[in-house]
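Peer 1: Pasting a structure here, questions to come.
What follows draws every value from the coordinates through simple rules; no lab data is involved. The structure displayed is predicted, hence computed values, not measured ones. Don't worry about glycine lacking a Cβ; one is built from the backbone with ideal geometry, like all the others, and counts go over all protein chains shown.
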Amino acid sequence: MCILKKTASCGGGGFFIDARQLTVDNLMKVPYLMNMIQCSVSGDFEGGYIMNTMIGRNFMEYTRFEHLAPTDQMKGLPQPPLELPFDRSWKIVSLPDPKTVNIEPVTVKDAIMRRESIRSYADTPLSLGELSFILWCTQGVKDVIEGSATFRTVPSAGARHAFETWLLVNNVRDLEAGLYRYSALRHVLGFITSADTCADRLLEGCMNQRFLLSGAAMFIWTAVTARMTWRYGDRGYRYLHLDAGHVCQNLYLAAETIGCGACAVGAFYDEIMNAVLGIDGVEQFVIYLAGLGKKKG
């Protein structure tokens with residue numbers, strides 16, 4: 001179904017968007033269409049790219065409950081796996097038990113009071129145990145209902161937990177610098193490639209925010225859409241972004257207990273980041289980033 005309609009009022013051959021036919025899938029296509037088709041419209045808009053003013057509004061409108069189609073769960077379809085498998089070529093790196101890591105006794109009040117975004121880090125490396133603790137705090141599995149759900153250290157809509165955690169390790173003791181993915185179910189890392197092969201490209205994808213490479217590690221969270229939309233349909237896209245905030249706030253607060261600071265990042269080039277990770281940007285896409293490192297002083 002076409003969402004672009006030709007109109008004689010657009011300079012004799014322009015187009016406008018038929019908002020009644022917008023779906024979340026179509027919304028994802030509109031920015032690319034608008035790169036090619038410039039609209040001149042009447043009414044509430046003076047002209048230019050409709051995408052600049054309408055995409056967010058239409059997303060919120062068309063993910064309201066009254067517009068949603070039956071979900072895959074309602075149709076009785078099987079749910080996606082609780083976690084994506086590792087590639088067989090990845091080297092498995094065991095992590096220390098996070099319960100054995102010595103942390104500073106910080107009250108919740110103090111952790112919240114001290115929380116701030118920090119972009120400059122000391123040269124002190126993170127220990128492997130501290131990294132293990134941080135990973136557990138942000139995505140750690142506390143209980144598993146086999147094949148159905150996981151209960152973790154962070155909240156998630158319907159216990160869907162649709163994220164995969166990737167790391168660009170820069171300065172962690174006893175761990176090679178490089179790109180890794182975390183298995184929350186197994187509490188291990190999978191080594192993908194050395195930093196030499198991907199760090200510059202990731203920096204480009206992060207709009208050259210160099211502090212991300214100056215700390216101990218850069219966290220990259222990807223959203224596996226089917227894991228959320230199986231239950232919630234297109235409204236699940238809202239929940240993905242809400243859940244990302246839960247995860248990153250845990251990173252900030254947990255960092256305070258090991259002498260670290262963190263900084264969340266939402267500014268990045270989607271296409272580059274997805275390409276470096278080898279994901280398609282639709283079924284799985286980068287949703288949030290953060291830098292982590294030891295505080296100075």
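Peer 1: With θ set to phi - 60°, apply the Karplus curve 6.51 cos²θ - 1.76 cosθ + 1.60 along the range 89-97 and write out the HN-Hα couplings as whole Hz, x wherever there is a Gly or Pro.
Peer 2: Per residue, the Karplus-derived 3J(HN,Hα) values read 7, 6, 7, 7, 10, 6, 10, x, 4 Hz.
Peer 1: Work out from phi, with θ = phi - 60° and the Karplus expression 6.51 cos²θ - 1.76 cosθ + 1.60, the ³J(HN,Hα) of each residue of the range 227-236, listed in order in whole Hz, and give x for Gly and Pro.
Peer 2: 5, 8, 6, 3, 9, 10, x, 5, 5, x
Peer 1: Further, regarding this structure: Calculate the FRET efficiency for Ala69 and Thr193 from the Cβ-Cβ distance with a Förster distance of 35 Å, rounded to the nearest 0.05.
Peer 2: Details: r = 40 Å, r/R0 = 1.13.
The formula returns an efficiency of 0.30 here.
Peer 1: Using Cα pairs closer than 8 Å and at least 6 residues apart in sequence, work out the relative contact order for the range 91-294, in percent.
Peer 2: Value for the range 91-294: 28 percent.
Peer 1: Give the calculated FRET efficiency between Ser148 and Glu176 to the nearest 0.05, with a Förster radius of 35 Å applied to their Cβ-Cβ distance.
Peer 2: The computed FRET efficiency comes out at 0.45.
Peer 1: Here is a further query. How big is the Rg/Rh ratio for the range 91-294, C-alpha atoms only, Rh by Kirkwood, two decimals?
Peer 2: 0.94
Peer 1: Return the sequence-ordered ³J(HN,Hα) values of the range 161-166 in whole Hz as given by the Karplus equation 6.51 cos²θ - 1.76 cosθ + 1.60 applied to θ = phi - 60°, using x for Gly and Pro.
Peer 2: Once rounded to whole Hz, the list reads 6, 8, 9, 10, 9, 10.
Peer 1: For Arg152, list long-range residues whose amide hydrogen, built 1.01 Å from N in the peptide plane, is under 5 Å from its own amide hydrogen.
Peer 2: Lys142
Peer 1: Hey, rough spin-label estimate for Arg114 and Arg238, points 7 angstrom out along Cα→Cβ, what's it come to in nanometres?
Peer 2: 3.7
Peer 1: Now for a different question. Suppose each label sits 7 Å from its Cα in the direction of the beta carbon; what would the Leu84-Arg201 distance come out to in nanometres?
Peer 2: 1.5
Peer 1: Let me ask something additional. Can you list residues from other chains, or at least 5 along the same chain, whose modelled amide H is less than 5 Å from the amide H of Gly293?
Peer 2: HN-HN under 5 Å from Gly293: Ala216, Gly261.
Peer 1: Over the range 176-297, calculate the relative contact order: mean separation of alpha carbon pairs under 8 Å at least 6 apart, over the residue count, as a percent.
Peer 2: Once normalised by length, the contact order is 32 percent.
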